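What follows is a short report on a single structure.
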Amino acid sequence: INAEYGGSDLGSMWEPRCGAVDPAHHAAIQALTPAAPSENDTTSLDSSRLLLEDLIQWHRRAAPRLSACPVQAGDSELEARSRDLLREASAAYTECAGVHTELSGICNELHRLLEVHGEVALKSERLRTACEQRSQEQLSKSEWLSELQQNLVHWKQVESAKKLMAKDSRKVGPKTVCTEEFIHGIQQMEESRVYFEGRAEMEQGKAYLLVLDQAILRCLGALRDHGVHQLLQCKQRAAEVLAEAQRAAGTGDMRAGEVAAASQFRAENKWLARSISELEARAGQKDSHDKLLKEVHGTYVKVRRELVQPVAREYVCKVCREQQLPDALLECSAYLARMSADEFEIVGAIFRTDGAASVLSSFLRLLEAMWDVLHDTARPIIIAQVDLDALCRVLEVLTLEVPELLEHMHPTVCTLLTPVLDRLAQDAQERLIYRAQSFMVAKIGSFYPLPAHLQYPALLDNPDIKDTWYPTLVCTLDLLSKVWRCLKKEIFEGLAQEAISLCIQSFVTAAKTISRQSTKLDSELFLIKHLNTLREQTLPFEGLDYEMNDVPFVMHELIAN
């Protein structure tokens, strides 16, 4: 044994202290006797197996040598204990060999299970990848099927359009139009039209587009017809309400009948508004669609004109007969302004007032028809008017008071009625210019003075300064003061120049007469005084372009001449 272990002392190996077993070998044996390590801890199994193999190898080397030593009577107690320990080690060896065999089998089984688990994991991964690919294929096929079904809907719409074109137009009536299915069908045909329009490579795409366009136009025409029919029905009912309201309120209250007729048009009519809204939604897309909507607008304007124009004419004629022209114009304008605001509310409840589908261009014709009543009634009175004050008052009403009234009641209506008011004001202005020119000729240019008008310088003693003025000066200033607020600047300038020229000519004529009756100095002083007065009195008029020249004035030269 000593030779096997390199000459080391046997006692130092087997009994390091107090005859105890070597802790290293004892720990190796004790590591095998407790419960086996966990199956999941393969590292612990491998380390225990290696330690056991070292112990077995040691036993194989030491056992033959120990067994070859004979037992002698004089063996010490240490030798006896060593031999007992050897027998115990042999028994432990046999047991460890069995455990080693069992552990080897378990390790081999674990390694086999790990290999099987790896194969199963690989197959599972391949199966999962295959399932994902299959799912993607099914999803793409489902999308393709959905797209195919949607495309089939467009072909069905073409067939429906062909059937619609073959159907008798009399069968497309209110019962057909006033349904959600009809509106939805138009929308589907429009979607199909967009589909075929985007596929120019399709062989019969243009033919399909033509069929769909015709079918859509026919359906929109049915909506147009329904809207026109409903407007005519509203007119009939409103006329009945208007007549009844006028009979109940009497002929004196025409406003009550007009309000009743307007209320009838404000009554809710679901499918009238729906038909018009569908036509408005397609405004600006095609000229044919715009034409259908304009026909509805034209029908509405015609219907409303036939209702409100007779009422307005009756009221305006009555007021113009009973009142003076300026007051009549103001009252009639207020009445028509209220009526125009009501009409704007009605048209706004039925049609759109903005965008490409705006009804304002057609609505303006209705307002013009209403205000033409005032123009047609007032124009003969204006033409027959000879009083300058009345004509100036008429212009003041038309250019200042009526626009302010309309702006306060409804700004949009005021904007629309500006051309109508301008036309009325232009008639009054032309009449005012004509009467002003007639007045200038009669009162200034053709003025023949009386002897009392030429008593200068005696008239200068009059305390009232205006009584010292020559009559043509009074007429000129009176004329200019009346018309300068009513006429435009360029018109007033021409009229003022003509009036002042005639006035100055009358001064020269009067000065010549005074020179013959009195002295030349009196005539020249008369002329200077009136020219200076004319100049001073015309300065306040706005809009006149004056030219002033500085002229030297020497009194003794004037007296000498």
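The values are calculated or read from the model by the stated rules, or taken from the named source; none is laboratory data. Remember, it's a predicted structure, so these values are computed and weren't measured experimentally. All Cβ positions, glycine included, derive from the backbone under ideal geometry; neighbour counts span all protein chains shown. The protein model used for the area step is the full one, side chains on, heavy atoms only, and it has no ligands, DNA or RNA in it. Shrake-Rupley method; radii C 1.70, N 1.55, O 1.52, S 1.80 Å.
Numerical summary
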| quantity | calculated |
| --- | --- |
| Spin-label model distance (nm) - L110 vs A356, 7 Å beyond Cα toward Cβ | 8.2 nm |
| By accessible area with a 1.4 Å probe, ligands and nucleic acids excluded, highest first: order of V441, V308 | V441, V308 |
| Spacing of the two label points (7 Å from each Cα toward its C-beta) at E314 and R81, in nm | 14.7 nm |
| Under Karplus coefficients 6.51, -1.76 and 1.60, residue-wise ³J(HN,Hα) of the stretch 481-497 in Hz, glycine/proline x | 5, 7, 9, 5, 7, 9, 10, 6, 4, 5, 6, 5, 4, x, 5, 5, 5 |
| Per-residue SASA entry for T533, accessible area with 1.4 Å probe, Å² rounded to 10 | 20 Å² |
| In sequence order, calculated HN-Hα J values of the stretch 123-136 (Karplus, 6.51, -1.76, 1.60; Hz; x Gly/Pro) | 5, 5, 5, 5, 5, 5, 4, 5, 5, 5, 4, 5, 5, 5 |
| Rounded accessible area of C131 (nearest 10 Å², 1.4 Å probe) | 80 Å² |
| Residue pairs, from the table K318/K488; K443/K489; K488/K512; K443/K520, whose Cα atoms sit over 29 Å apart | K318/K488; K488/K512 |
| The stretch 365-519 shape via C-alpha gyration tensor axes, a/c threshold 1.5 | prolate |
| The stretch 430-444 - phi-based ³J(HN,Hα) in whole Hz, Karplus 6.51/-1.76/1.60, Gly and Pro as x | 4, 5, 5, 4, 4, 5, 5, 5, 5, 5, 5, 5, 6, 9, 10 |
| Separation of the E295 and Y434 label points, Cα + 7 Å toward Cβ, nm | 4.5 nm |
| Relative contact order for the stretch 297-417, counting Cα pairs under 8 Å that sit 6 or more residues apart, in percent | 39 percent |
| Candidate residues D522, D461, D327: accessible-area rank, largest first, probe 1.4 Å | D461, D327, D522 |
| Heavy-atom SASA rank of I350, I381, I465 (probe 1.4 Å, accessible area, largest first) | I465, I381, I350 |
| The stretch 454-527 shape via C-alpha gyration tensor axes, a/c threshold 1.5 | oblate |
| R352 long-range amide H proximity, modeled H, under 5 Å | V359 |
| Residue-level accessible surface for E314, protein heavy atoms, 1.4 Å, Å² | 90 Å² |
| Residues of the stretch 327-366 with amide N under 17 Å of the 7 Å Cα→Cβ point at R423 | 333, 336-337, 340, 361-366 |
| Pairwise centroid distance, computed over Cα atoms, of the stretch 100-147 with the stretch 382-415, Å | 95 Å |
